[in-house]
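S.K.: This is the structure I want to talk about, given as structure tokens.
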Amino acid sequence: MDSFLLLAVLAYLVGGIPFGLLFSLWLAKRDPRKHGSGNIGATNALRTGGKKVGALTLLADIGKGSIVVAVALDSGLVDWQVACIALLAFLGHIYPVYLRFRGGKGVATMFGVLLPWQPWLAIVAFVVWYAVLKWRHYVSLASIMAGWSLPCGAWLLGSGQEVFWLGMSLAVLMTWRHRENIQRLLQGTEPTTDQDRRARMRA
């Protein structure tokens, strides 16, 4: 139990490392919180810092989630404990103590926590994300649908109740973090990927 508690704290702290902010300040000399959507995740890092910053942020946000879950698995934790570690890494990303609990929306970190433990579920979520993105051209909508594919996918794959409830928790939290995007989607003012691309070309 002591190792579990230590890993739980580390999962939150590692998950909270704001790579989008760090890479943007270092490479683009811009604070993503003051540009675009104001978010520190990979999508806004791409908008405000360019492809290199966006790619590095994406990889780092995936990586931090994968690392903490891989350590949890290597430590011999049982499924409910691994699920807690994964959830805490995700919570660290969306509510980081370093930035007064104002973080990203968790999409990349969601994939990160799943990859070392539930790779097939991560693949399901990615396929849903990619399909919705190509169909509707909204990153936010694709991300929300990918989140809700987790509990559905966990049930269909027979991944166990720990994974199902982890997926449900991630889906609810991601939907909440995208609440402003949902409002813009309903109003017809949410930018598409094509609009984002044109905006970056003009910048």
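Coordinate-derived values only; no laboratory data. Note that the structure is predicted; figures quoted are calculated from it, not measured. All Cβ positions, glycine included, derive from the backbone under ideal geometry; neighbour counts span all protein chains shown.
S.K.: For the chain, what is the Kirkwood estimate of the hydrodynamic radius, computed as the reciprocal of the mean inverse distance between distinct Cα atoms, to one decimal in Å?
M.R.: Kirkwood radius, the chain: 16.9 Å.
S.K.: Moving to a separate point now. Hey, rough spin-label estimate for D74 and L156, points 7 angstrom out along Cα→Cβ, what's it come to in nanometres?
M.R.: Placing both labels 7 Å along Cα→Cβ, they lie 3.3 nm apart.
S.K.: For region 127-203, would you read off the P(r) tail past 21 Å as a percentage of all alpha carbon pairs? Mind showing how you got there, number by number?
M.R.: Numbers: 1070 of 2926 pairs.
When every Cα pair of region 127-203 is considered, 37 percent fall beyond 21 Å.
S.K.: Are any of the pairs K64/K105; K29/K52; K29/K64 more than 21 Å apart by Cα-Cα distance, and if so, which?
M.R.: K29/K64
S.K.: Set the Förster radius R0 to 30 Å, insert the Cβ-Cβ distance between V9 and L59 as r into 1/(1 + (r/R0)^6), and round the FRET efficiency to 0.05.
M.R.: Details: r = 24 Å, r/R0 = 0.81.
Result of the calculation: an efficiency of 0.80.
S.K.: Continuing with this model, one more query. List the residue ranges in the chain for DSSP H helices whose C-alpha atoms run 18 angstrom or more along the long axis and whose Kyte-Doolittle average is -1.0 or above. Don't jump to the answer; show the numbers that get you there.
M.R.: Working: long enough: 2-15 (19 Å, 1.99); 51-74 (34 Å, 1.12); 79-94 (23 Å, 1.49); 119-136 (25 Å, 1.28); 139-157 (26 Å, 1.43); 161-177 (24 Å, 0.76).
The answer, listed by residue number, is 2-15, 51-74, 79-94, 119-136, 139-157, 161-177.
S.K.: Now for a separate question. About the Cα centre of region 129-203, how large is the charge dipole given +1 on each Lys and Arg Cβ and -1 on each Asp and Glu Cβ? Please answer in debye to the nearest 20.
M.R.: Working: 9 positive and 5 negative charges, 81 e Å.
About 380 debye.
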